[in-house]
Amino acid sequence: MVGQIIGGSYGEIWIRQKSGERIELGDLLVADDILLQVFDMEYGSLLEHDDLARISGMQLEGYGTTEIHEKDVRNYIMVKAKPLFNLKTKSIPKHLPSFFQVLRRASPQDFEFLEKPDNAIYLGKIRSGSKILDVPVYINGREVLTHHILIPATTGRGKSNLVKVILWNLVGKGYAGVLVLDAHNEYYSYRRSGENYGLKYHPQAKGNVIYYSVTPPPGERSLRINIKNVRPWHLKEIVEFSPAQEDALYLFYKEYEEHWIEAILTSDAESIDIRGVRPDTLASLQRKIKVALEIDVNKKGEIFERGRVFSVTEGMRTVKDICDFLEEGKIVILDTSSLSQNIELLISGMIMNEIFSRYKGYKESGKLEDKPVISVVIEEAPRVLGEGKSNIFGTIAREGRKFHIGIIAITQLSSMIPREILANLNTKIILGNEMSSERKAIISSAAQDLSKDDKMIASLDKGEAIISSIFTKFAIPIHIDSFEELVDKERERKKERNSLFLFQ
Ligand SMILES: Nc1ncnc2c1ncn2[C@@H]1O[C@H](COP(=O)(O)OP(=O)(O)OP(=O)(O)O)[C@@H](O)[C@H]1O
Ligand SMILES: [Mg+2]
């Protein structure tokens, strides 16, 4: 036993901690079949405050210590806990454990009711405070991915690690295609303590993990996209156009189809023959397009590339290929580490627009159920999901679910995402968040009542998380596996298999 219930109310049960025990923030306790979680604690004493101050004063000022009679009885720590789950009825608890009930710590056996779902993604183990219980926690990948995942955390708390763990689980499964915009080039392959890590080293990576970069290592794919693949609505997502400029974009597109960009850039502003487009409108369009696509026109009127992605001659199939890979349930990592933010958003917008229209078509023709679900991992999500933004990512957040397309949104600033969208991100894997404004935004949009969890979320250490999801029966505290350990374990297994093979 670790303590005893001595009062409180439904959402705030007061527990007196047994002396010698050390209950921590986030600890899971059990009383009367009810799983409780500690969210706060304070000192309690049977002595008057003045007496305590006097005793302490005597001691500190060198007048000798006063022996407190039955110290363990008189002074104690009072723990506040909230009911999480009724372990017997497997539902949200509706009654209080009986008064004076003695509590014990939760043990792995208490969680035998947690089942391994279909299309399971393993995330880590149940966590009681900072102690790890040997109970694996899975989520149903198909369900969770299409209903969007939010990963909010302060920097360095393990967001990327978590995404790597999720992706590692998905390699070779084929039921989900995931596009990863990798702004730090940290997912595919990296070195740490003399070892190689990354999704490239998954046993089934070959053919299932696809990597694109503007500076591809030998054997990998080049991230080059032909300007003929760009459409007016792609550019609109990253460039602000006046109504007149927008009209002109569409006029050119209608007239010249895939050659519309070349047509705009090589038209002479003085002698332009497209109806109603004014020379100054054309001139601004030319300027904006050149900047956005990092291309230019030389004196001979030829378009040339200034940047590394958009090409006049190459990359005609890149977007199509990437969409095909996703549709085959593969993981496609785009190294966007050397690209500007706008280029990154333009590319990902082009791909997701294409996926969205393909999947809309599948829904109409009744083929959607046979297709893998699609997800896109986006770091610093507020830049696409923030207030007043209008782009394909917002559309996916709002209605992607109908077409089995979801987002994995990573952010340090949840408060910058409008509430309506936050509420739509139906699974939140909450890691440590230092800023109280961020915790507030997360808590107020969570699937479960986390109103008491503020201190717990603030105190989450690296890899410690709370999963709050419409697909979990309660907000599950977990410890996420270290990606590198996961890879090491896989290597060990492989070695063992190989040595078995040798002995046979
Ligand atoms: N579950 C975990 N177990 C052990 N170590 C972890 C865990 N999660 C993260 N780490 C370690 O903590 C460090 C930071 O993790 P990570 O890069 O995932 O954080 P982040 O939230 O993505 O940070 P940033 O905001 O800089 O992108 C890394 O060195 C990583 O290996
Ligand atoms: Mg990161």
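How many residues does segment 482-498 hold that are modelled with pLDDT under 95 and either more than 18 Å from residue 162 (Cα to Cα) or within 16 Å of ligand 2 (Cβ to nearest atom) (or both)?
8
Given the conditions (1) under 30 Å from residue 437 (Cβ atoms); (2) open to solvent by 10 Å² or more (accessible area, probe 1.4 Å), which single one is not true for residue 145?
(2)
Inside segment 23-38, can you point out the residues that are part of a loop (DSSP other than H, G, I, E, B) and either among the aliphatic types (A, V, I, L, M) or within 24 Å of residue 458 (Cα to Cα) (or both)? Let's see the steps before the verdict.
Pass one, segment 23-38, residues part of a loop (DSSP other than H, G, I, E, B): 23-27, 32-33.
Those that are part of a loop (DSSP other than H, G, I, E, B) and either among the aliphatic types (A, V, I, L, M) or within 24 Å of residue 458 (Cα to Cα) (or both): 23, 24, 25, 26, 27.
Would you be able to tell me the number of residues in segment 183-198 that are within 14 Å of ligand 1 (Cβ to nearest atom), surrounded by fewer than 23 Cβ atoms within 10 Å (Cβ to Cβ) and within 22 Å of residue 351 (Cβ to Cβ)?
Step one: filter segment 183-198 for residues within 14 Å of ligand 1 (Cβ to nearest atom), giving 183-187, 190-193, 195, 197-198.
The next check asks that each one be surrounded by fewer than 23 Cβ atoms within 10 Å (Cβ to Cβ); those that pass are 183-186, 190-193, 195, 197.
Pick out the ones that are also within 22 Å of residue 351 (Cβ to Cβ) and you get 183-186.
The total comes to 4.
Consider residue 12 carefully, then state whether it is under 36 Å from the mean Cα position of the chain (by Cα) and without any contact (Cβ under 8 Å) to a residue 40 or more places away in the chain. Spell out how you get there, then give the answer.
Working: under 36 Å from the mean Cα position of the chain (by Cα): yes; without any contact (Cβ under 8 Å) to a residue 40 or more places away in the chain: no.
Judged against the criteria, residue 12 is not a match.
Looking only at residues in segment 166-182 that are of a type in the set (Val, Ile, Thr) and buried (at least 23 other Cβ atoms within 10 Å of the Cβ), which one is nearest to residue 146 (Cα to Cα)?
178
Of these, 86, 75, which one is surrounded by 14 or more Cβ atoms within 10 Å (Cβ to Cβ) and over 26 Å from residue 450 (Cβ atoms)?
On the way: 86 fails: over 26 Å from residue 450 (Cβ atoms).
After ruling out the rest, the residue left standing is 75.
Give the residues of segment 398-421 that are within 16 Å of ligand 2 (Cβ to nearest atom) and open to solvent by 10 Å² or more (accessible area, probe 1.4 Å), sorted by residue number.
Of segment 398-421, the ones within 16 Å of ligand 2 (Cβ to nearest atom) are 408-414.
412, 413, listed by residue number.
Looking at segment 130-233, what strands (runs of 3 or more DSSP E) fall wholly within it and have at least 2 residues that are aromatic (Phe, Trp, Tyr), at pLDDT 95 or above and more than 16 Å from ligand 2 (Cβ to nearest atom)?
Fully inside segment 130-233 and qualifying: 209-213.
Here are 266, 318, 281, 336: which of them is farther than 27 Å from residue 254 by Cα and in contact (Cβ under 8 Å) with a residue 12 or more places away in the chain? Walk me through how you get there before you give the answer.
Working: 266 fails: farther than 27 Å from residue 254 by Cα; 318 fails: farther than 27 Å from residue 254 by Cα; 281 fails: farther than 27 Å from residue 254 by Cα.
On inspection, the qualifying residue turns out to be 336.
Among the residues of segment 464-484, which ones are farther than 18 Å from residue 131 by Cα and within 14 Å of ligand 1 (Cβ to nearest atom)? I'd like the intermediate steps shown before the answer.
Let us first name the residues in segment 464-484 that are farther than 18 Å from residue 131 by Cα, namely 468-474, 483-484.
Across segment 464-484, the qualifying residues are 483, 484.
I need the full set of residues from segment 199-241 which are within 30 Å of residue 287 (Cβ to Cβ), open to solvent by 20 Å² or more (accessible area, probe 1.4 Å) and in contact with a Leu (Cβ under 8 Å, 6 or more places away or on another chain), in order please. Reasoning before the result, please.
In the first step, residues of segment 199-241 are kept if they are within 30 Å of residue 287 (Cβ to Cβ); the result is 212-215, 222-241.
The next check asks that each one be open to solvent by 20 Å² or more (accessible area, probe 1.4 Å); those that pass are 214-215, 222, 224, 228-229, 231, 233, 236-241.
Hits for segment 199-241 are 214, 236, 237, 238, 241.
Just to be sure before I move on: is residue 485 assigned by TED's automatic domain parsing to the domain that holds residue 393, acidic (Asp, Glu) and part of a helix (DSSP H, G or I) in the structure I sent?
Yes, satisfied.
Considering only segment 103-124, state which residues are open to solvent by less than 60 Å² (accessible area, probe 1.4 Å) and part of a strand (DSSP E or B).
Taking segment 103-124 and keeping what is open to solvent by less than 60 Å² (accessible area, probe 1.4 Å), we get 103, 106-108, 110-111, 113-114, 117, 119-124.
Selection gives 103, 120, 121, 122, 123, 124.
Let me spell it out: the conditions are (1) open to solvent by 20 Å² or more (accessible area, probe 1.4 Å); (2) in a loop (DSSP other than H, G, I, E, B); (3) under 23 Å from residue 157 (Cβ atoms), and residue 455 meets all of them except one. Which number is the exception?
So the condition that residue 455 fails would be (2).
Test residue 57 against the stated conditions and say whether it is free of Cβ contacts under 8 Å to residues at least 24 places away in the same chain and assigned to a loop (DSSP other than H, G, I, E, B). Let's see the steps before the verdict.
Details: free of Cβ contacts under 8 Å to residues at least 24 places away in the same chain: yes; assigned to a loop (DSSP other than H, G, I, E, B): no.
It is false that residue 57 is free of Cβ contacts under 8 Å to residues at least 24 places away in the same chain and assigned to a loop (DSSP other than H, G, I, E, B).
Within segment 347-368, restricting attention to residues that are more than 21 Å from the chain's Cα centre (by Cα) and among the aliphatic types (A, V, I, L, M), which residue is surrounded by the fewest Cβ atoms within 10 Å (Cβ to Cβ)?
368
The values are calculated or read from the model by the stated rules, or taken from the named source; none is laboratory data. What you see is a predicted model, and the numbers here were worked out from it, not measured in a lab. For neighbour counting, all protein chains shown are included, and Cβ atoms are generated from backbone atoms with ideal geometry for every residue, glycine included. These accessible areas exclude ligands, DNA and RNA; they are computed on the full protein's heavy atoms, side chains included. Shrake-Rupley method; radii C 1.70, N 1.55, O 1.52, S 1.80 Å.
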